[in-house]
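Undergrad: Before we start, here is the structure in question, set down as structure tokens.
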Amino acid sequence: MSAIDALRNEYDVAVIGAGPAGLAAASVAARAGLATVLLDEQGTPGGQIYRSITTTPLQSRAVLGADYWAGSPLVDELRASGAEYVPGATVWSLSREREIGVSIGGAARLIAARRVIIATGALERPFPIPGWTLPGVMTAGAAQIMLKSSGMTAGGRVILAGCGPLLWLLAWQYVNAGAKIAALLDTTSSANRRAALPHALSFLTSPYLLKGLRLLREVRRAVPVISNVIALKAEGEGRLRGVTYRTERGGDRMEPCDALLLHQGVVPNVNLAMSVEIEHRWDDVQLCWSPVLDGDFASSVEGIAIAGDGAGIAGAGAARERGRIAGFAAVRALRPEAAAQHVSAESAARQALAREQRGRAFLDLLYRPAPQFRQPSGDTIVCRCEEVTAQQIVDTVALGCTGPNQMKSFLRSGMGPCQGRLCGLTVTELIAQARGVSPQEVGYYRLRPPVKPITLGELAHLPKTEAAVKAVVRS
Amino acid sequence: MFQRLPDVAGEMVTITVDGTPVRAATGDTVAAALLAAGFDHCRTTPVSGAPRAPYCMMGVCFDCLITIDGVGNRQGCLVRVRDGMAVELQRGKREVGR
């Protein structure tokens, strides 16, 4: 039987995404006796943070570090839980009635669930600098995935640019792997350092503090770090040749390079959640859309919860605890008789979550990306798919276009295959800036299923009801 | 261009890219295999014809769209290589039927 045919028609709990939140949520639900399925687009469990944790070809555990290997127990927990883990499964639709459209290996199915936990995590924030579409420019996260899943590092002269914990983590992992980094261009502004300072005290109690300081020290020892970078441009015709940058002190400098790895933080991956019209609000600190959730991570749509970084960025440890809490909530709703035995485990998860989130404000303010890296200008490409520039967006606002959905009719921005994942935040912020209103007022793309592309053949493979067949077949 | 670290484990398979044999590790995705083999792009865009290479490697940017075993617009970063797999770089728009 193929993987798609092996799925049941209905589950108690369907968890979407096998990162820390999804692994934890599915384990909790299945252990309590709920029929649980964990659908994941990747071929192996772990999400992006623990990507390839069961298959990485890296022989030395020291390269990726202890925080990566902390994901192993979560996979073990899942395997022992009795949850049905389905890799290579792309979820392309979810309805308010909790019907899930899923494709595996080119065949599609619709399945139902009494509770859905969306654990689709985060993606890297768009970094729209001039030349960011050139081959040779990638995200730091992409380079990290190459390291985790294939044991490969970027060759030639490698430059990292941007800000945020992941950028430094990748630099540290490259140093561990013996790979050379020509420079790290740090875009953290001196204004951010001042803004974050009042929160430094709370960060003293964060589990990230000591690890973070050690990591920064080790990177600085091995990599030339250029601080206070305020402008970046990827140079080259059809292929990256170098990067031009400017610091707060002024003066442009060009560094030749073969790989430019960009990163300025991660944001919730909202596409699936927004396609079910789950309420989201603009987060003015994290500068992204975050879903409106209650203490159990339940969303505005009955029976659908969002756990992990998709609920607002807080890191892998917090994602794991959020997943557990969402799992416990599903047990309470569907098997109340089993819930009593989880009271102490749930309260432990809530305490652990509070611990993991300590000092988050410090990181959020320190690594808040600067306006010029979020709101580009001129002929810098905003929408990579449809090749729409910042100037076109601004000019179209001047014509009276007030929001991202109307913008589609003018420019097709957000209508390419990525469905706005790589331009949505930029388009919203550019329109907000041009109109002098808040991103909340401008809003976001109206997302519709399928949220991942599927072929007509996959759609045609869906089991049909007699009525549907009769509607189109002439007798 | 990406290179494998000296101490990585794993077996190798052979795929073809536009008919030319390319060695890849079994754990590689198509996008990773192309980057390792030194391909500097995997498609040209339908809008301007500009070359594009994999950007996010996690299935969200769609810049690694590629034709795999005759099916166009596959996300190269989500498909693992298989011995004998036929990969074609995409140039511009998709034709009907692939």
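The values are calculated or read from the model by the stated rules, or taken from the named source; none is laboratory data. Treat the numbers as computed from the prediction; the structure is a model and nothing was measured. Methodologically, a virtual Cβ is constructed for each residue, glycine included, from the backbone with ideal geometry; neighbour enumeration extends over all protein chains shown. Please note that ligands, DNA and RNA were not included when accessible areas were found on the heavy atoms of the full protein model with its side chains. Shrake-Rupley method; radii C 1.70, N 1.55, O 1.52, S 1.80 Å.
Undergrad: Can A:Arg322 be described as outside any helix (DSSP H, G or I), of a type in the set (D, E, K, R) and under 21 Å from A:Ser290 (Cβ atoms)? Show your work before the answer.
TA: Details: outside any helix (DSSP H, G or I): no; of a type in the set (D, E, K, R): yes; under 21 Å from A:Ser290 (Cβ atoms): yes.
Here the answer is no, as A:Arg322 does not meet what is asked.
Undergrad: Tell me which residues, restricted to segment A:350-404, are outside any loop (DSSP other than H, G, I, E, B) and in contact with a Leu (Cβ under 8 Å, 6 or more places away or on another chain).
TA: Within segment A:350-404, A:Phe373, A:Arg374, A:Val382, A:Cys383, A:Val388, A:Ala390, A:Gln392, A:Ile393, A:Val394, A:Thr396, A:Val397 meet the criteria.
Undergrad: Could you grab me the full set of residues in segment A:149-167 that are open to solvent by 10 Å² or more (accessible area, probe 1.4 Å) and more than 14 Å from chain B (Cβ to nearest Cβ)?
TA: Within segment A:149-167, just A:Pro165 meets the criteria.
Undergrad: When the residues of segment B:1-12 are narrowed to those that are out of contact with any Lys or Arg (no Cβ under 7 Å at 6 or more places or on another chain), open to solvent by 50 Å² or more (accessible area, probe 1.4 Å) and not in a loop (DSSP other than H, G, I, E, B), which ends up farthest from A:Gly136 (Cα to Cα)?
TA: Residue satisfying both the conditions and the ranking: B:Arg4.
Undergrad: Among A:Ala66, A:Ala83, which is the only one that is open to solvent by 10 Å² or more (accessible area, probe 1.4 Å), away from chain B (no Cβ under 12 Å) and more than 27 Å from A:Leu34 (Cα to Cα)?
TA: Selected residue: A:Ala66, the only one of A:Ala66, A:Ala83 that is open to solvent by 10 Å² or more (accessible area, probe 1.4 Å), away from chain B (no Cβ under 12 Å) and more than 27 Å from A:Leu34 (Cα to Cα).
Undergrad: Moving on to the next point. In the set A:Gly242, A:Gly238, which member is under 26 Å from B:Arg43 (Cβ atoms), open to solvent by less than 10 Å² (accessible area, probe 1.4 Å) and over 27 Å from the mean Cα position of the chain (by Cα)?
TA: Numbers: A:Gly238 fails: open to solvent by less than 10 Å² (accessible area, probe 1.4 Å).
None of the others qualify; the one that does is A:Gly242.
Undergrad: Continuing with this model, one more query. Take the residues in segment A:428-450 that are free of Cβ contacts under 8 Å to residues at least 12 places away in the same chain and in a helix (DSSP H, G or I); name whichever of them is nearest to the other protein chains (Cβ to nearest Cβ). It would help to see each step written out before you state the result.
TA: Going through segment A:428-450, the residues free of Cβ contacts under 8 Å to residues at least 12 places away in the same chain turn out to be A:432, A:436-437, A:441.
With in a helix (DSSP H, G or I) added as a condition, the list becomes A:432, A:441.
Values: A:Ala432: 23, A:Glu441: 26 Å.
Here the residue is A:Ala432.
Undergrad: For the subset of segment B:13-32 comprising residues that are open to solvent by 30 Å² or more (accessible area, probe 1.4 Å) and assigned to a strand (DSSP E or B), which member is nearest to the other protein chains (Cβ to nearest Cβ)?
TA: Filtering first and then ranking leaves B:Arg23.
Undergrad: Another question about this same structure. I'd like to check something: does segment A:332-349 contain any residue that is within 25 Å of the chain's Cα centre (by Cα) and in a loop (DSSP other than H, G, I, E, B)?
TA: no
Undergrad: Quick one: which residue in A:Ser72, A:Ser95, A:Ser52, A:Ser103 is without any contact (Cβ under 8 Å) to a residue 24 or more places away in the chain, within 27 Å of A:Val270 (Cα to Cα) and within 23 Å of the chain's Cα centre (by Cα)? Explain how you work it out, then say what you get.
TA: Details: A:Ser95 fails: without any contact (Cβ under 8 Å) to a residue 24 or more places away in the chain; A:Ser52 fails: without any contact (Cβ under 8 Å) to a residue 24 or more places away in the chain; A:Ser103 fails: without any contact (Cβ under 8 Å) to a residue 24 or more places away in the chain.
Selected residue: A:Ser72, the only one of A:Ser72, A:Ser95, A:Ser52, A:Ser103 that is without any contact (Cβ under 8 Å) to a residue 24 or more places away in the chain, within 27 Å of A:Val270 (Cα to Cα) and within 23 Å of the chain's Cα centre (by Cα).
Undergrad: Go through the residues of segment A:69-76 one by one and say whether even a single one is within 26 Å of A:Ala348 (Cβ to Cβ) and crowded, with 24+ Cβ neighbours inside 10 Å.
TA: Yes, some residue in segment A:69-76 is within 26 Å of A:Ala348 (Cβ to Cβ) and crowded, with 24+ Cβ neighbours inside 10 Å.
Undergrad: Which numbered condition in (1) part of a helix (DSSP H, G or I); (2) open to solvent by 70 Å² or more (accessible area, probe 1.4 Å); (3) under 30 Å from A:Phe373 (Cα atoms) is the only one that A:Pro453 fails?
TA: With (1) part of a helix (DSSP H, G or I); (2) open to solvent by 70 Å² or more (accessible area, probe 1.4 Å); (3) under 30 Å from A:Phe373 (Cα atoms) applied to A:Pro453, the lone miss is (1).
Undergrad: Just name the residue that is nearest to the other protein chains (Cβ to nearest Cβ) out of those in segment B:66-78 that are in a loop (DSSP other than H, G, I, E, B) and surrounded by 21 or more Cβ atoms within 10 Å (Cβ to Cβ).
TA: Out of the qualifying residues, it is B:Cys77.
Undergrad: Condition first: open to solvent by less than 10 Å² (accessible area, probe 1.4 Å) and either more than 14 Å from chain B (Cβ to nearest Cβ) or in contact with a Lys or Arg (Cβ under 9 Å, 6 or more places away or on another chain) (or both). Now tell me which residues in segment A:8-18 satisfy that.
TA: A:Tyr11, A:Val13, A:Ala14, A:Val15
Undergrad: Return yes when B:Arg82 is farther than 25 Å from A:Ala122 by Cβ, more than 7 Å from chain A (Cβ to nearest Cβ), open to solvent by 40 Å² or more (accessible area, probe 1.4 Å) and modelled with pLDDT of 95 or more and no when it is not.
TA: yes
Undergrad: Would you please name the residue that is least open to solvent (accessible area, probe 1.4 Å), looking only at residues in segment A:197-226 that are under 18 Å from A:Phe362 (Cβ atoms) and touching an Asp or Glu at 6+ places or on another chain (Cβ under 8 Å)?
TA: A:Pro207
Undergrad: Of the residues A:Thr120, A:Thr133, only one is within 12 Å of chain B (Cβ to nearest Cβ), farther than 22 Å from A:Trp289 by Cα and open to solvent by 10 Å² or more (accessible area, probe 1.4 Å); which?
TA: A:Thr133
Undergrad: Looking at segment A:294-302, can you tell me whether even one residue there is closer than 29 Å to A:Ala171 by Cβ and of a type in the set (Phe, Trp, Tyr)?
TA: Just the residues of segment A:294-302 that are closer than 29 Å to A:Ala171 by Cβ, to begin with: none.
Checked segment A:294-302: no residue is closer than 29 Å to A:Ala171 by Cβ and of a type in the set (Phe, Trp, Tyr).
Undergrad: Can you name every residue in segment A:267-289 that is surrounded by 20 or more Cβ atoms within 10 Å (Cβ to Cβ) and part of a strand (DSSP E or B)?
TA: Correct list: A:Val267, A:Pro268, A:His280, A:Trp282, A:Cys288, A:Trp289.
Undergrad: Do you know which of the residues in segment B:33-65 that are β-branched (Val, Ile, Thr) and part of a loop (DSSP other than H, G, I, E, B) is nearest to A:Ala154 (Cα to Cα)?
TA: So, considering only residues that are β-branched (Val, Ile, Thr) and part of a loop (DSSP other than H, G, I, E, B), the one nearest to A:Ala154 (Cα to Cα) is B:Val60.
Undergrad: Among (1) touching a strand residue (DSSP E or B) at 6+ places or on another chain (Cβ under 9 Å); (2) over 30 Å from A:Asp379 (Cβ atoms); (3) surrounded by 20 or more Cβ atoms within 10 Å (Cβ to Cβ), where does A:Ala142 come up short?
TA: Result: A:Ala142 fails condition (2) only.
Undergrad: Among the listed residues A:Ala370, A:Ala398, identify the single one that is under 30 Å from A:Gly131 (Cβ atoms), at pLDDT 95 or above, under 21 Å from the mean Cα position of the chain (by Cα) and surrounded by fewer than 20 Cβ atoms within 10 Å (Cβ to Cβ).
TA: Going through A:Ala370, A:Ala398 in turn, just one is under 30 Å from A:Gly131 (Cβ atoms), at pLDDT 95 or above, under 21 Å from the mean Cα position of the chain (by Cα) and surrounded by fewer than 20 Cβ atoms within 10 Å (Cβ to Cβ): A:Ala370.
Undergrad: Quick check: anything in segment B:33-48 more than 7 Å from chain A (Cβ to nearest Cβ), closer than 16 Å to A:Thr56 by Cα, without any contact (Cβ under 8 Å) to a residue 60 or more places away in the chain and open to solvent by less than 10 Å² (accessible area, probe 1.4 Å)?
TA: yes
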